[in-house]
1. Counting heavy atoms of the protein chains only and a 1.4 Å probe, report the per residue accessible area for the chain as a whole number of Å².
2. With a sphere of radius 13 Å drawn around the Cβ of Phe376, what net charge do the other residues whose Cβ falls strictly inside it have (Lys, Arg +1; Asp, Glu -1)?
3. Nearest 20 debye, what's the magnitude of the dipole of the stretch 7-471 about its Cα centre given +1 on Lys and Arg Cβ and -1 on Asp and Glu Cβ?
4. Could you sort the peptides 394-401, 406-413 by per-residue average Cβ neighbour count (10 Å cutoff), highest mean leading?
5. Mind ranking 368-379, 444-455 by how tightly packed they are, going by the mean number of other C-beta atoms within 10 angstrom, highest first?
6. Given 0.36 nm per residue, what is the gain on full extension from Phe42 to Gln68 after removing their alpha carbon distance, in nm?
7. Note down the Stokes-Einstein diffusion coefficient of the chain in µm²/s, whole number, using a Kirkwood radius over alpha carbon pairs, 10 °C, and 1.306 mPa s.
8. What is the ratio of the Cα radius of gyration of the stretch 101-192 to 2.2 N^0.38 Å, where N is its residue count, to two decimals?
Amino acid sequence: MDHSTPLSLLLFLSSLSFILLILLRRRPSRRHLPPGTLGLPFVGETLHLISAYKTENPEPFIDGRVAQFGSIFTTHIFGEPTVFSADPDANRFVIQNEGRLFESSYPGSISNLLGRHSLLLMKGSLHKKMHSLTMSFANSAIIRDHLMGDIDRLVRLNLEKWTGRVLLMEEAKKITFELTVKQLLSLDPCEWTERLRKEYMLVIEGFFSLPFPLFSSTYRRAIKARSKVAEALGLVVRQRRGERESGERKNDMLAALLDEGGGGGGFSDEEIVDFLLALLVAGYETTSTTMTLAVKFLTETPLALAQLKEEHDEIRAKNGESEALEWDDYKSMMPFTQCVVNETLRVANIISGVFRRAMTDVDIKGYTIPKGWKVFASFRAVHMDRDHFKDARSFSPWRWQANSGIDSVNLFTPFGGGPRRCPGAELARAELSVFLHHLATQFSWVPAEEDKLVFFPTTRTQKRYPIIVQRRNPPKRCIE
Ligand code: HEM
Ligand SMILES: *[C@@H]1O[C@H](CO)[C@@H](O)[C@H](O)[C@H]1NC(C)=O
């Protein structure tokens, strides 16, 4: 009885739709789908993609198809026929036409766990309004005037506890989680935040499972964890509503969401909780993985690490007794660090691209994407393309130095673009820079063991990048 029945039904239905699809393609029509192969029924080319992305070198999946079919090709991944774009112009067209010709589309597992009222799933004018509200809590001015101090303090607080062997990915996750909780809710790290973080990890694991409670215990566990997280956040929301009525005012994302109520209707607790929950997800793994990989790439590129250390020792020496980092240090004294940040984003491809769905038949570069089809705009393919970046597959921060001539608007899109461009982009850059400052000035380190990079289900290293750290003497000016 049990699981085999729905599974075979599912297989049958999807083979059926697959056959229909092939018939559809055979039908003489004015549609010119991009060339490509759909692979096996149901799974399509998903297994090829997954097996490539589970290695340190996933490029052959894209390289092979681009060589055979060109930079826009048809494939069949994650249960649906999909137009895959490795072309910067097509990518730009797709992300700029969000809401007009295309709309964002997440797999069922992710949208169920995020909740309906999260920014990532909003559409139309509500999305527009809430996207700019989110931006107004993470833009440069806010970072300069409010967040920089918190970032600096929380990074130092965490690094203070480091000795011996450190699991860098775990530590980076703790830091970014604490920062986001502070930014959204004005809460300082405590047992409560750490418990909340543990539940979050379970929710995120569920993103890459099949969204059927019957099949997947990971998904069941994630749903349970989600309701615990929602409950905890709901408590904070209710408490803050109460405080607000007695005139107390905080300057954070939650206050802004409660204020939105002032105008028409107002958000319910459920809406606010969904919104906050998703913001915590969006900034958590992405930023902490980028931090970890920056350190990995630097460790493997000693010349770059030396140059980075030099830059930060100089800032540290200038600041003398005070360890605290100022906005101006970040903005004007870290030119090489900004090259390291860009190069880490380019090579790591934490978000390797974005899925969209065509809202109507869309013509693009001589092909037609049929209404309802999925499109994957691959940023990774462009970032790793030797035609666009010289020596594209190696980590070389120097490529970003003055007058590099890199067309960063079209070719470099680690944060996406258009109406859904990442509202946390500036914040992520600032967090990364502050983290690198304190790491480089306070510690030297070596990898504790060999650790490999993989790209599926998310970009990560297999062992969470263990390193052995040793505290450095504070650098002094003019001594060497
Ligand atoms: C290195 C770190 C990060 C990377 C690489 C990254 C990347 C991205 C990308 C590519 C998108 C576009 C998704 C799409 O177009 O469908 C996005 C959206 C988003 N990001 Fe980030 N992100 C990072 C950090 C953050 C942080 C720190 C926050 C928290 C404030 C954040 C919040 C969001 C949100 C809420 C969205 C959805 C925007 C929308 O749909 O309108 N991200 N991110
Ligand atoms: C890093 O990339 C951004 C685009 O995302 C660009 O504006 C900036 O100039 C780049 N920084 C450096 C140092 O090249």
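The values are calculated or read from the model by the stated rules, or taken from the named source; none is laboratory data. Since the model is a prediction, treat every value here as computed from it, not as a measurement. Cβ coordinates were reconstructed from backbone atoms using ideal geometry, including for glycine residues, and neighbour counts include every protein chain displayed. Side chains are part of the model used for accessible areas, which takes the heavy atoms of the whole protein and leaves out ligands, DNA and RNA. Shrake-Rupley method; radii C 1.70, N 1.55, O 1.52, S 1.80 Å.
1. Values: 22470 Å² over 480 residues.
The answer is 47 Å² per residue.
2. Values: positive: Arg65, Arg356, Arg357, Lys374, Arg380; negative: Glu45, Glu80, Asp87.
Local charge sum for Phe376: +2.
3. On the way: 59 positive and 55 negative charges, 349 e Å.
Around 1680 debye, computed over the stretch 7-471.
4. Details: 394-401: 17.1, 406-413: 15.5.
The peptides rank, most packed first, as 394-401, 406-413.
5. Values: 368-379: 20.8, 444-455: 14.9.
Put in order of decreasing packing, that is 368-379, 444-455.
6. Numbers: separation 26, 0.36 × 26 = 9.36 nm, distance 2.29 nm.
Using 0.36 nm per residue and subtracting the Cα-Cα distance, I get 7.1 nm.
7. Values: Rh = 24.1 Å.
D = 66 µm²/s.
8. 1.38
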